[in-house]
Amino acid sequence: MKKLKYILFAVGVQMQAQQIQIDSTPIRHITEVVVIGTAKVAAREAKPLGSIDEYLQQSAQVEMLRRGGYAWEPLINGMASERTLVTIDGMRIFGACTDKMDPITSYIEVSNLQQADISSGQSGACHGNTIGGSIDLKRSSLRPGKSRWTHQINTGFETVNQQKIFGAGTKYKNEKFYTDVNFMARDAENYRAGGNVEVLHSQFRKVNSSGLAGLQLDENKLLEASVIYDKATDVGYPALPMDVALAEAIITSLKFQMIPTHEKLKSWESKIYYNTVKHHMDDTQRQNVAIHMDMPGTTTTLGYYSHLKFDWKRHQFLLNLNGYYNKSYAEMTMYPQEEKPMFMLTWPDVKTLSQTLYLEDEMPLAKYSNLKWSASVTAHFNRIDSDLGLNSLQIFYPELGAERARLLTSVAANYIFDKEGWQAGVGAAYGNRAPSVSEGYGFYLFNSAENYDYVGNPNLKNESSIETNAFIGIRKKSFNAKLSSSYFHISDYIIGSIQKELTPMTLGANGVKVYTALHAAHIFNVNLSGEIHISKPLVWTAQLTYARGTDSDGQQLPFMSPFSYRTALRYSQNRFSSQISLNGNARHSDFAEVYGEKPAAAFAVLNANIGYRFSAAKTKVTAKAGVENLFDTYYTTYSDWNQIPRPGRNLFMNLSFDL
């Protein structure tokens, strides 16, 4: 086993799986595109019916923070959801769980997703303010055309958690109309870590359905309506003290798209949307619970965007006007034995109104070089609408008012050189963000990794970041490679600070932390990727990443990637495909002990799969089978909450039928 690992490591280390494409156009040079929902991917991807989380973690800039077997939280450049932005087709959606059990990525499925656009730092500021970057999950799209029906059935099974997967979809289009309806269900038991160790409370049940319909109004105008319904039940979170009884989302939108007839106007797209998320934490399935608690939460968001692409002289402009209104509400009721229940608002009915104007411009400087710049300004307004919630926070902040207004800004510039397959670029950016609802208004939120209760601070300043980035790459017919890095200097870095005079609410907690701002924090990322076409059917890919982060007190920041690697050798010829891959991390020794992290041992995991496509009557069948963690290694990584182990050996089978 060790000899095999060393041989694979010597061959190379993978930075990008085959479905990650670095856009070669200069204006998007720091954007990765993870292709997900196409027939081509179903034929070539290692596990076509894997979760969106599994697809996203192929990216060099994204790692997934795991609290269980379901609904992992994306980290971009080592930064969690407070400092990043996740949208679905440009729509803002907010999770309803104070413990982040329901990231936005959990409310969409591979059956209705086409790709994920991953942007680093301020290159992701098109849809809102961010520090670390953004992920825009783009749904599958249709357009009017020749009259045609298509149908698909997907089914899969995984042994590590007895997961059953079933999906079905149908599409229809003609010259004036199109529609796409699909459904996906997953049912999984507790998974088993290496050595056949059962990880209790890691089961989940999930159903997702979506539909869209479009109408061609005339030659250059299109109207499209869409809806997504997602419901997860009986979701276990082994890294947390509670599970989830219900996580439910309804996401709706209406889009109008026009291709202007004027040659200078390229496209104009406008959308209005509405979504609501419900989340209920549950501890009734846990043993030895000292005090039973009910913790429901809801968010409701109404928003819009309108973005226009146009040319003027040598400039290519993108103008995006967008805004949203959000309501976040969460409560907790504790039931002590033989005492009256205790009630408090953990999110005190916070209303947020945000309005952003974003402008982007790309212009050629010379034959082989371009300059791209962008700028945005946001008016951000918060209001506490609950008197009980306001009075509770006034215990800590007597002068606190119900309302707070902020002005947020972003500016970025990037220079790109591209000649005969050689690419290089440098950039700089500034941006800031408002505190999240938890950071600003959270009331006794328990962090199980640090074992502290957290209290928000409405008086926090905007957190701001000065960012620099650079890359160099080569792209030839038979190979390509890219080295890129970024550095973030984050001022007024929001973090929890121990307040010894406060008493925790959670039994067994070490104390209370109140959100405060450190003078600064520093985050550095570097990644190297490559792909070699050894022969027409044989391709080798490699990926290396490393991150380091410290605060102004010299303490390590959490969730910074140690040296990590991925490598894969893929063979694809006619109807047959196969792949062998290795991924792993070096020892995580620069861990953030003050923030609850612990060291993690080095590991290496070997995976393999085979696939075959064939036709039966008029049905096209794609079969995929494989094994993950072939040697059943027991391991945990730096991004596993409370060091829950990762799954052990997993045999999977995916079948797709195109009718």
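Find how many whole Å separate the alpha carbon centroid of segment 393-430 from the alpha carbon centroid of segment 238-258.
26
Percent relative contact order of the chain, based on C-alpha pairs within less than 8 angstrom and at least six residues apart?
Relative contact order of the chain: 13 percent.
Mind counting lysine pairs for me in segment 208-350? Cα separation below 30 Å, and the two need to be 8 or more apart along the chain or on different chains.
Lysine pair count for segment 208-350: 27.
I want the antiparallel fraction of DSSP beta bridges within segment 391-531, as a percent rounded to 5.
95
So for the chain: antiparallel DSSP bridges make up what percent, rounded to the nearest 5?
Beta bridges within the chain, antiparallel portion: roughly 95 percent.
Along the charge dipole of segment 334-382, Cβ charges K/R +1 and D/E -1, which of ASN370, LEU345, MET334 sits furthest on the positive end?
The one lying farthest along the dipole's positive direction is ASN370.
Just in segment 307-352: which GluC sites (Glu not before Pro) are loop by DSSP and have at most 12 other Cβ atoms within 10 Å?
Sparse-neighbourhood loop GluC sites (Glu not before Pro): GLU338, GLU339.
Please report, for the Cα atoms of segment 553-659, the Rg to one decimal and the Dmax as a whole number; what are they, in angstrom?
Every Cα atom of segment 553-659 included, Rg and Dmax give 19.0, 68 Å.
How high is the relative contact order of segment 271-423? Use alpha-carbon pairs under 8 Å, at least six apart in sequence, and give a whole percent.
17
Note the full-extension length gain between GLN162 and ILE259 as 0.36 nm times their separation in residues minus their Cα-Cα distance, in nm to one decimal.
30.1 nm
Note the count of lysine pairs whose C-alpha atoms are less than 25 angstrom apart in segment 28-183, limited to pairs 8 or more residues apart or on different chains.
Taking the Cα cut-off of 25 Å, the pair count is 16.
Could you give me the ³J(HN,Hα) list for segment 426-440, computed from phi with Karplus coefficients 6.51, -1.76, 1.60 and θ = phi - 60°, whole Hz, x at Gly and Pro?
9, x, 9, 7, 9, x, 9, 9, 8, x, 5, 4, 5, 5, x
Measuring from centroid to centroid over Cα atoms, what is the spacing of segment 158-174 and segment 301-349 in Å?
For segment 158-174 versus segment 301-349, the Cα centre distance is 31 Å.
What FRET efficiency, computed as 1/(1 + (r/R0)^6) with R0 = 41 Å and r the Cβ-Cβ distance, is obtained for LEU407 and ARG143, rounded to the nearest 0.05?
Calculated value: 0.55.
Restricting to Cα pairs below 8 Å that are 6+ residues apart, what does the relative contact order work out to for segment 137-293? Please round to a whole percent.
In percent, rounded to a whole number, it is 14.
Tally the DSSP beta bridges in segment 72-156 and give the antiparallel ones as a percent, rounded to 5.
Rounded to the nearest five, the antiparallel share is 65 percent.
List the residues whose amide H sits under 5 Å from the amide H of ILE108, counting only those 5 or more places along or on another chain, with H placed 1.01 Å from N in the peptide plane.
Excluding prolines and chain starts, which carry no amide H, there are no hits.
If the cut-off is 19 Å between C-alpha atoms, which lysines fall inside it for LYS476, apart from same-chain ones fewer than 8 positions away?
LYS476 reaches LYS419, LYS536.
Decide, for segment 42-176, between rounded, prolate and oblate: order the square roots of the alpha carbon gyration tensor eigenvalues as a ≥ b ≥ c, take rounded if a/c falls under 1.5, and otherwise choose prolate if a/b is larger than b/c, else oblate.
Because a/c hits 1.5 or more and a/b fails to exceed b/c, segment 42-176 counts as oblate.
Per the Kirkwood formula on distinct C-alpha pairs, the Rh of the chain is how many angstrom?
Evaluated on the chain, it is 25.8 Å.
Would you pull out the residues with amide H under 5 Å of GLN115's amide H, same chain only if 5 or more places away, H placed 1.01 Å from N?
Under 5 Å from the amide H of GLN115: ILE36, GLY37, LYS138.
Enumerate the amide H contacts of GLY78 below 5 Å, restricted to partners 5 or more residues apart or on another chain; note that Pro and chain-start residues carry no placed amide H.
GLU63
Read the figures in this text as sums done on the coordinates, not as results from a lab. These figures come from a predicted structure and were not determined experimentally. Glycine gets a Cβ as well: all are built from the backbone with ideal geometry, and neighbour counts include every protein chain shown.
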